[in-house]
Amino acid sequence: MIKIAVISPHAPILLPEVGSDEDRDKVRKTLKSLRELGERFKETKTDEIIISSPHKDWGFDVPLFFLAKHFKGKIISYLTGFESPQEHFIIGQKMAQNLEKKKTYALIASGDLSHVLLKEGPYGYHYDGPKFDQELIKLLKEKKVPELLKLDEKFTQAADCGLRSFAFVLGLLNGSDIEINPKILSYEGPFGVGYLVARIV
């Protein structure tokens, strides 16, 4: 049984040993939301955590630092690939069939939104970036998953890294017959990269 599912950013700058006090002040909404989710994870007490990410070194570590600092159970990591979001959704659906009914699970979709939000950002600016982020949040709120899975086709220059991770977790929920009930906790992009924190279930 899946008890909680969330979307988390994974920028290393969120970690206290990486980001400066000035950096963390600029992402205070994100940090506040992650701490709140961390408390919720602690209260939920699941047997296992399944976390998906497009990156191996920081993609798993950053969300787990905030959400599973005191977690003692098993953590299953899934590294997303180059397949389409729709294919990742199907992979999630299939993996749901292998979940043990007697166990409880928490899902973390690790990923950032567009990396081209600001001219002074690490990847510059492209108008697809802000549009992608706004549309993704809108479709998530409206529970329009099929449309969300096609966002990379509509905004080809958005330079996101999270859509496939989100798609995988949405597939896991769909394959488990769990209806999503999204709640956006925070969104900001002060460094030119979109950081979304949300509860899906």
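The values are calculated or read from the model by the stated rules, or taken from the named source; none is laboratory data. Just so we're clear, the structure is a prediction, and the values are computed from it rather than from any experiment. Don't worry about glycine lacking a Cβ; one is built from the backbone with ideal geometry, like all the others, and counts go over all protein chains shown.
Which of the residues spanning segment 10-56 are assigned to a loop (DSSP other than H, G, I, E, B) and out of contact with any Pro (no Cβ under 8 Å at 6 or more places or on another chain)? Talk me through it step by step, then tell me what you get.
The initial filter retains those residues of segment 10-56 that are assigned to a loop (DSSP other than H, G, I, E, B), namely 10-11, 15-20, 27, 45-47, 54-56.
Hits for segment 10-56 are Ala11, Leu15, Pro16, Glu17, Ser20, Lys45, Thr46, Asp47, Pro54, His55, Lys56.
Determine whether Ala109 is modelled with pLDDT of 95 or more and part of a strand (DSSP E or B). Spell out the reasoning first.
Working: modelled with pLDDT of 95 or more: yes; part of a strand (DSSP E or B): yes.
The answer is yes for Ala109.
Within the group Glu22, Glu48, Glu36, which residue is surrounded by 16 or more Cβ atoms within 10 Å (Cβ to Cβ), among the acidic types (Asp, Glu) and either at pLDDT 95 or above or over 13 Å from Tyr105 (Cα atoms) (or both)? First the steps, then the outcome.
On the way: Glu22 fails: surrounded by 16 or more Cβ atoms within 10 Å (Cβ to Cβ); Glu36 fails: surrounded by 16 or more Cβ atoms within 10 Å (Cβ to Cβ).
The conditions single out Glu48.
Would you confirm, using the coordinates I've provided, whether Leu99 is buried (at least 16 other Cβ atoms within 10 Å of the Cβ), under 18 Å from Pro190 (Cβ atoms) and either in contact with a strand residue (DSSP E or B) (Cβ under 6 Å, 6 or more places away or on another chain) or not β-branched (Val, Ile, Thr) (or both)?
No.
So, of the residues in segment 177-192 that are within 15 Å of Leu136 (Cβ to Cβ) and among the small types (Gly, Ala, Ser), which turns out to be surrounded by the fewest Cβ atoms within 10 Å (Cβ to Cβ)?
Checked segment 177-192; the qualifying residue surrounded by the fewest Cβ atoms within 10 Å (Cβ to Cβ) is Ser186.
Just wondering, is there one or more residues in segment 160-167 that are in contact with a helix residue (DSSP H, G or I) (Cβ under 7 Å, 6 or more places away or on another chain), within 22 Å of His126 (Cα to Cα), touching a residue at least 40 places away in the same chain (Cβ under 8 Å) and in a loop (DSSP other than H, G, I, E, B)? Break it down into steps so the answer makes sense when it comes.
Of segment 160-167, the ones in contact with a helix residue (DSSP H, G or I) (Cβ under 7 Å, 6 or more places away or on another chain) are 160, 163-164, 167.
Subset that is within 22 Å of His126 (Cα to Cα): 160, 163-164.
Right, trim to touching a residue at least 40 places away in the same chain (Cβ under 8 Å) and you get 160, 163-164.
Right, trim to in a loop (DSSP other than H, G, I, E, B) and you get 160.
Yes, there is a match, as at least one residue in segment 160-167 is in contact with a helix residue (DSSP H, G or I) (Cβ under 7 Å, 6 or more places away or on another chain), within 22 Å of His126 (Cα to Cα), touching a residue at least 40 places away in the same chain (Cβ under 8 Å) and in a loop (DSSP other than H, G, I, E, B).
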